[in-house]
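Asks: Could you have a look at this structure, given as structure tokens, before my questions?
The values are calculated or read from the model by the stated rules, or taken from the named source; none is laboratory data. What you see is a predicted model, and the numbers here were worked out from it, not measured in a lab. When we count neighbours, we look across all protein chains shown, and the Cβ atoms used for this are built from the backbone with ideal geometry, even at glycine.
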Amino acid sequence: MPKIKLYIATTLDGYIARQNGSLDWLDELEVPEGVDFGYSAFYETIDCILMGRSTYEEVLGFDVDWPYDGCKTIIYSSHTDFKTPTPDTSLATDVTPEEIERLKSVSEKNIWLVGGGKLIREFLEHDAVDEMIITIIPRMIGNGIRLFPESEIDQKFKLTDSKTFPTGVVNLHYERV
């Protein structure tokens, strides 16, 4: 059965975006030629992407072609009239156990939970995150959108792999216990 995997970058101080949703702090990351911090290998294992509306709008603002062409993408928003102009993209309003099971039953590969923080929390609250690959960027931004917003979640994960890069970036791979 497909797994729901959170694959995300965070700052040392635990933020995934600035308060306004900006990811500009990632632009300054030194990326040596031929290094993608495991992204390409991860992307090959998924066929469905889940992201919140604010994250989606941030990706659309990157001024690049839609980077997830050919991959089913679901945008979560409370705005039922929100339009998704990208291919293979649909809108959902709620994270429910039934929707989670449906997603897993129609996916042939794994499912990528992109973010943002509120959507991550909702999936965690449903005990639906099977794995986490967290890329820690050696940068602090002081405030913003937290990787894990405050909640009552009490779950255990075990570290199954870690990889460090000369740039100071660290990938931590966790599986739910």
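Asks: Counting only residues that are out of contact with any Phe, Trp or Tyr (no Cβ under 9 Å at 6 or more places or on another chain) and either polar (S, T, N, Q) or without any contact (Cβ under 8 Å) to a residue 24 or more places away in the chain (or both), how many does segment 11-35 have?
Replies: Qualifying residue count for the region: 7.
Asks: Within segment 122-177, can you find the residues that are farther than 18 Å from TRP112 by Cβ, small (Gly, Ala, Ser) and buried (at least 19 other Cβ atoms within 10 Å of the Cβ)?
Replies: Of everything in segment 122-177, just one residue is farther than 18 Å from TRP112 by Cβ, small (Gly, Ala, Ser) and buried (at least 19 other Cβ atoms within 10 Å of the Cβ), namely GLY144.
Asks: Is one or more of the residues making up segment 76-85 more than 26 Å from PHE37 (Cα to Cα), modelled with pLDDT under 95 and charged (D, E, K, R)?
Replies: Yes, there is a match, as at least one residue in segment 76-85 is more than 26 Å from PHE37 (Cα to Cα), modelled with pLDDT under 95 and charged (D, E, K, R).
Asks: From the list PRO149, PRO166, which one is farther than 19 Å from ILE16 by Cα and either at pLDDT below 95 or within 16 Å of the chain's Cα centre (by Cα) (or both)?
Replies: Just one listed residue meets the conditions, PRO166.
Asks: Test of understanding: among TYR7, TYR68, TYR76, TYR43, which residue is surrounded by 14 or more Cβ atoms within 10 Å (Cβ to Cβ), more than 21 Å from LYS118 (Cβ to Cβ) and not basic (Lys, Arg)?
Replies: TYR43
Asks: While we're here: Looking only at helices (runs of 4 or more DSSP H) that lie completely in segment 18-79, which have at least 2 residues being over 15 Å from the mean Cα position of the chain (by Cα)?
Replies: Fully inside segment 18-79 and qualifying: 24-27.
Asks: What's the number of the only condition in (1) crowded, with 16+ Cβ neighbours inside 10 Å; (2) at pLDDT 95 or above; (3) part of a helix (DSSP H, G or I); (4) not acidic (Asp, Glu) that PRO2 fails to meet?
Replies: (3)
Asks: Tally the residues that are touching a residue at least 12 places away in the same chain (Cβ under 8 Å) and either buried (at least 18 other Cβ atoms within 10 Å of the Cβ) or at positive phi (or both), restricting the search to segment 55-65.
Replies: Here the count works out to 3.
Asks: If you don't mind, another one. Checking the structure you have, find out if any residue of segment 71-94 is among the aromatic types (Phe, Trp, Tyr) and without any contact (Cβ under 8 Å) to a residue 24 or more places away in the chain.
Replies: No, segment 71-94 has no match at all.
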